[in-house]
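Chemist: Below you'll find the structure I mean.
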Amino acid sequence: MDPQSGDSGIGSPDPQGVPKPSEGKSKKTVENHLNGTPNHVSHKHSSSSSHKHHHKSSSGDKHKDPNRHKHGSSGEKSKDPNRHKHKEHSSSKPKDPNKPSSGSSKDHSSKPKDGHHSSEKHKHSSEGAEKHKHSSDGTEKHKHSSEGKGKSSSGDKHKERHKDGSSKHSSDKHRSDKVKKEGSSSSSKPKSSGDVKVKTEPGLSEKGASPTKLVIKKEKEASQPVVNWEPQDSDDDVPLAVRAQGEKRAHESDSDDEPLAARAEKKKIKKEKPAEAVARKRKAESDDDDDKPIAKPKPKKKKGKEEKATPEKGKKKAKKEEPEVWKWWEEGPREEGVKWKFLEHKGPVFAPLYEPLPDDVQFLYDGKVMKLSEETEEVAGFFGRMLDHDYTTKDVFRKNFFHDWRKVMTPEERKVITNLDKCDFRQMDVYYKQKSEERKQMSKEEKQEIKKKNEATVEEYGFCNIDGHKQRIGNFKIEPPGLFRGRGDHPKMGMLKKRVRPEDVIINCSKDSEYPEAPAGHKWKEVRHDNSVTWLASWSENIQGSIKYVMLNATSRLKGEKDWMKYETARKLHKCVDRIRAQYREEWKSKEMRIRQRAVALYFIDKLALRAGNEKDSDEAADTVGCCSLRVEHINLHREHEGKEFVVEFDFLGKDSIRYHNFVAVEKKVFKNLQLFKENKSDGDDLFDRLNTTILNKHLQDMMEGLTAKVFRTYNASNTLQQQLKLLTNSEDSVAAKILSYNRANRAVAILCNHQRSVPKTFEKSMSNLQAKIDKKKEDIKKSRKEYKGLKADYKHKRDAKTAGMLERKKKQMERLEEQLMKLEVQATDKEENKEIALGTSKLNYLDPRISVAWCKKWEVPVEKIYNKTQREKFAWAIDMADETFEF
DNA sequence: AACGAGACTTAGTAAACACTAG
DNA sequence: CTAGTGTTTACTAAGTCTCGTT
């Protein structure tokens, strides 16, 4: 049946072990989601850990390796024969479609198979032929190989990709895995392989892991020092700083003239999108009339009034934030394409200006003190403050940084400073560390004061008035300057992220609102009134040239409504997924290569919850892929693996350079198709050369309105949660045990979606603390039990009321202790299972909150146990509308 | 079709904060 | 109250997908 066999699959995981992939056994095959999932985990994690180790070891623990995922790539980069095929490779291995990776062969145990493939291919002569033909014509895509030198063609593309030639991982990574596997196989992640987490392995897994994690580290720090809008500047410094908020009205400013209407006009043309349709379906009854009114509140209004939207809640007012509770979900649909009718805000808050270093903090060049100009010093400080980060030792990072740093130097400085190796930033590093230490040591009062100031800033800039309601803005602070640190092996790491000025910022608000005022002495780049978009301000960033936006917070109606629609679309898919699955299975047999590729890719997206995989430019970002952009080197075919037939091994870096490594048993037709897709191609060539996300999404759109590749992730994630909850929840369990079940269901989803996290730095420690607590509790119980026995014996003799009372009390105590013990144990299990899996992402972005709310209501688990305050705010709509009968 | 800009969602980590045990 | 921990929030990079152009 269905590939997914999800159902069955689902069931399979045993309640407890569910998450645990440990049992990868049979299920894996089937399942997909569930079982399959687990697999990933194991692999992935393990792998990851291994990688990590790498780093760590190599790089030195402390710093985290910026590239965590990169695997050993960092320095060595060994060239992975395979990967780069572009260039040299091409020549080298031109043809061997099958085993392109000669070198790697060892890694790919599958080699033999390849041979098969070829033969097979012949078999499917028809197909083969077709393919060839395509290839020939398919020039567009670099088709490769077809002819001998195909390589070259392919080469080009790839070339560009990894320009540096360093290939990343592939081989390395494999290697590492292997190692790990062999070595401590178990240790890594247990999962699928059946072993259960062997945590024990101190060597690799644990230790390694944690450090590894660290490795990750990010670029963030760069900006850090920045600080917040703290006290100091408050008023003066600030030209940029917004605080000036004066009183005057800038509005008249410029462009505004364009009639709002006009703008709206142009945009609105679009047709309604699915989501919208859904939307409307929801509450047909309510009409928009009411919103209308709100819409054009008078310009001035300000906060006070907003509450009114929902009369009822107005009450608490004074107290905390707004009375909130504006039940926007009970209102009728908005006019489509129009995101707001009225929008007023105070504009973004800029990063504080640079504060020059005190004179005693010096920069040395070639051992000699050198006074830098302000800007040069500022940029030097960005580098200096991250000195203990591993990436300041990376060539790419250093090179990019130095290049950009020189650009801000004065001619004289540029003349002198020609070698980064001769720069000594250590005093800056020390200085900034000291400053942050001081901040930590501040007295309570001082901290209090800062906090107050921050709150005032939030109160002033953190909210906007949209259609008469006061709503929180998500990111009203503009990103401070610093050194860019992309994730993974990013070609631009170390580049200078420039300071954003008001002149770079476009403000979006109602024409009839009070316009935000640019900081004193500055002007906005533009003030526009586009109500077809949701952003309040935007600017373009200098590293990738992309646009950054100031948008509303997740609790806002704009975001909430969209989120709700997202789940409605997924539920819609639920209704026709069988049909879609049947179709793509049928298409595996299609005569047309492009149809088969599309069908196989869709199968992966559905079964494994892979991301769509848009194409990306390798000069601009790390080399990562998704389903449609998988390359030949990312999958290995194993006719047989660990007792299963037709196993596809995935090993690639996905979003954020997180590794995805999984062994998946697939159906024979899929396997055969993959062999064909790989034929005559070498590493670096696209696996699905006749497919891209546009084609795929277009096809999906035809099958269901509003359907795109990512809907499958949402659907499978939510569906898995619902099924797992059904499976794992025991009515007799205590609330704590039920929560564990919930977390396990959540975990199954996180594994499916490959949501990883680094092992918390303090994991080992906190785990052993927990264990100690458990041991102690056990001791207590033993003691208590003994005492109880003693009392009992006593009572036998005395039979007096007093002893009876004591006996009773003792008994109660024992029970209490046992319960506490159980709770601790549950906690320990949960923690261990969650070591390197991040539940947050799926909870926040993939799981229909109504499923969780319904579950809570059904089992009488307080929602607070599942969602914290922020989450409850974000999912207020679901909490309010779902009852225990909700079905996804 | 291929591109590129634009808009918005999804993602993991570090900083900030809250909480607890000592 | 302090230090150590666990949790939440801030931050911003990295995806997806749409749309208008060429």
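Since every read-out is calculated from the coordinates, none of them should be taken as a lab result. All values reported here derive from a predicted model rather than from experimental measurement. Ideal geometry is used to build each Cβ from the backbone, glycine not excepted, and the neighbour counts take in all protein chains shown.
Chemist: Quick one: net charge of A:Thr534's neighbours, Cβ under 11 Å, K/R +1, D/E -1?
Modeler: Here the charged neighbours net out to +2.
Chemist: Along the Cα→Cβ direction, 7 angstrom out, place labels at A:Ala793 and A:Lys655. What is the inter-label distance in nm?
Modeler: Between A:Ala793 and A:Lys655, the label points sit 6.5 nm apart.
Chemist: Note down, for segment A:772-824, the three equivalent ellipsoid semi-axes (square root of 5 times each alpha carbon gyration tensor eigenvalue), biggest first, whole angstrom.
Modeler: That gives 25, 10, 5 Å for the three semi-axes.
Chemist: What is the Cα coordinate range of segment A:576-709 on the first, second and third principal axes, sorted by size from largest, in whole angstrom?
Modeler: 40, 35, 26
Chemist: Compute the FRET efficiency between A:Glu526 and A:Glu620 as 1/(1 + (r/R0)^6), taking r as their Cβ-Cβ distance and R0 = 22 Å, and round to the nearest 0.05.
Modeler: 0.25
Chemist: Sticking with this structure for a sec: Between A:Lys865 and A:Glu503, what's the calculated FRET efficiency when r is the beta-carbon distance and R0 is 45 Å? Round to 0.05.
Modeler: Between A:Lys865 and A:Glu503 the formula returns 0.40.
Chemist: HN-Hα J couplings of segment A:668-685 from phi, Karplus 6.51/-1.76/1.60, θ = phi - 60°, integer Hz, Gly and Pro as x?
Modeler: Once rounded to whole Hz, the list reads 3, 4, 5, 4, 5, 4, 5, 4, 5, 5, 7, 4, 6, 10, 10, 3, x, 8.
Chemist: Let me ask something additional. Can you compute the FRET efficiency between A:Asn769 and A:Thr694 using 1/(1 + (r/R0)^6), with r the Cβ-Cβ distance and R0 = 56 Å? Round to the nearest 0.05.
Modeler: 0.60
Chemist: Take the residue pairs A:Lys394/A:Lys761; A:Lys783/A:Lys811; A:Lys451/A:Lys548; A:Lys810/A:Lys865; A:Lys477/A:Lys865; A:Lys710/A:Lys738 and return only those whose Cα atoms are more than 21 Å apart.
Modeler: From the list (A:Lys394/A:Lys761; A:Lys783/A:Lys811; A:Lys451/A:Lys548; A:Lys810/A:Lys865; A:Lys477/A:Lys865; A:Lys710/A:Lys738), the Cα-Cα distance tops 21 Å for A:Lys394/A:Lys761; A:Lys451/A:Lys548; A:Lys810/A:Lys865; A:Lys477/A:Lys865; A:Lys710/A:Lys738.
Chemist: Mind checking segment A:602-685 for chymotrypsin sites (Phe, Trp or Tyr not before Pro) that DSSP puts in a loop (not H, G, I, E or B) and that have at most 16 other Cβ atoms within 10 Å?
Modeler: none
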